[in-house]
Amino acid sequence: MSKADQDRVLEIANREIESALKGVGGWNKQYVKGEVEVHFNMVENAGKVLKYTKGVSQLSISPSTAAELVTDFDFMQFWDKQFDRGHIVQDFKESENERKIVYMRYKAPWPVSQRDFVNVSEIRHRENNQEGGENSENNGSNNVGVRVLATSFSHKDAPDVSGIVRADLMYGGWEFITSSSSSSSCKATYITAMNPKGTLPTWLVNQVANDTPMCLAAIRDFIKAHPDKVEVLKNRACEKRRTRDDRRKKELLAKKKAQQQEEQEQAADNAAAAAVLQVPSPSSSSICDKKQEIEATEEKLQSDTVTTKSSAGAGTGDDNEKDKRISSRARKALINGDGDISSRSSSSSS
């Protein structure tokens, strides 16, 4: 499947997560357990009414550190006891949002078969002035945050595994938003809407779903118990932030250069157009003056011709044709700006 297909399914997942975050479309808060708000949404899927889940809690780490924690397979076992293994199938390293195709497998109690997923995922950062997270001087009031998106996506390098049921993640993800008191803590929301497939009874699927949001309580415990590991994640998040900043700077520089080039080309086009417009063209008044000058010269020529004929007697037919040629040359000369035609015409008639 193409990048366009990835874009499409991720945007569908993002819209569903937006609805879940707003609590619209059937989402309802059920209870609070272990400092975790638990929300459910009962949705019909493939002929079954499945329980989609949402958990909300506070974490004492920044949004970017939290995103590192929940997307790193090496740390996932610490807060998700059902997680078995996972790996990156394809890493789109040049993508702005760390897009990846990932494989994940989960444990199941006997005699239930294990489930696995193949997902396309992204990490989308919303930072103050394209900045924020660790080492930021803002106090969280600018709503710095990170959203992790995931949805099922097939890939040729992640075929079905014998004995494992390929489950379907309609949409899932995390949202981490800085708290109002500190940029080093955040409000965390975990959302998952999945169909485990296979022949499991619906009641059992929904019973297991009740425990899904409680991974937030496990994350809180991990943060308290492993400050050294949290520091590793924090440093990694800072390095990625610097990489994002460098990429943005390069993009802005390239955009500025392209804009300057466009402005230079436009200026050259404007200069060429101005040069064309500066070529002199006869005005209506100069045309009128030229016409009057021609008429006056013709009258003078006619007067001189009459005077000459009166002095020399009646002219011949050749004389009349000659007069016409003189008049014609005079008109052309005046149009071409050839000086005083009347005197030259007179001398030609002599």
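The values are calculated or read from the model by the stated rules, or taken from the named source; none is laboratory data. This structure is a prediction, so every number in the text was calculated from the model and none was measured. When we count neighbours, we look across all protein chains shown, and the Cβ atoms used for this are built from the backbone with ideal geometry, even at glycine. Note: areas computed on protein heavy atoms with side chains; ligands, DNA, RNA excluded. Shrake-Rupley method; radii C 1.70, N 1.55, O 1.52, S 1.80 Å.
Here are some notes:
- Computed accessible area, Lys33, all protein chains, 1.4 angstrom probe, square angstrom: 110
- Protein-only accessible surface order, largest first, of Asp116, Asp160 at 1.4 Å: Asp160, Asp116
- Fully extending the segment from Phe83 to Glu293, taken as 0.36 nm per residue of separation minus the present Cα-Cα distance, adds 65.3 nm.
- Extreme residue, positive dipole direction of the stretch 152-295, given options Ala258, Pro201, Leu169 (C-beta unit charges): Pro201
- Note on Glu18 and Thr243: the extension gain reaches 78.2 nm, defined as 0.36 nm multiplied by sequence separation minus the Cα-Cα distance.
- When the alpha carbon coordinates of the stretch 1-81 are projected onto the principal axes, the ranges are 36, 36, 24 Å, largest first.
- Sorted peptide list for 6-16, 250-260, 186-196, 21-31, criterion being average Cβ within 10 angstrom, highest first: 186-196, 6-16, 21-31, 250-260
- Near Val120: Cβ cut-off under 11 Å, other residues only, Lys/Arg at +1 and Asp/Glu at -1. The net charge is +1.
- The listed residues Glu263, Glu94, Glu293, Glu122, once ranked by accessible area (1.4 Å probe) with the largest placed first, stand as Glu94, Glu263, Glu293, Glu122.
- Electrostatic bookkeeping for Met214 treats Lys and Arg as +1 and Asp and Glu as -1; over the other residues with beta carbon under 13 Å from its beta carbon, the sum is -1.
- Entries of Lys29/Lys187; Lys29/Lys107; Lys107/Lys197 with Cα pairs more than 18 Å apart: Lys29/Lys107
- Nearest-0.05 FRET efficiency for Phe73 and Asp228, computed from C-beta distance (R0 22 Å): 0.70
- Proportion of all alpha-carbon pairs of the stretch 185-258 beyond 22 Å (%): 57
- Length gained on full extension, Val43 to Lys107, computed as 0.36 nm times the residue gap minus the Cα-Cα distance: 20.6 nm.
- Using a simple spin-label model with pseudo-atoms 7 Å out from Cα toward Cβ, Lys300 and Arg236 lie 10.0 nm apart.
- Solvent accessible area, Å² - Thr199, 1.4 Å probe, full protein context: 140
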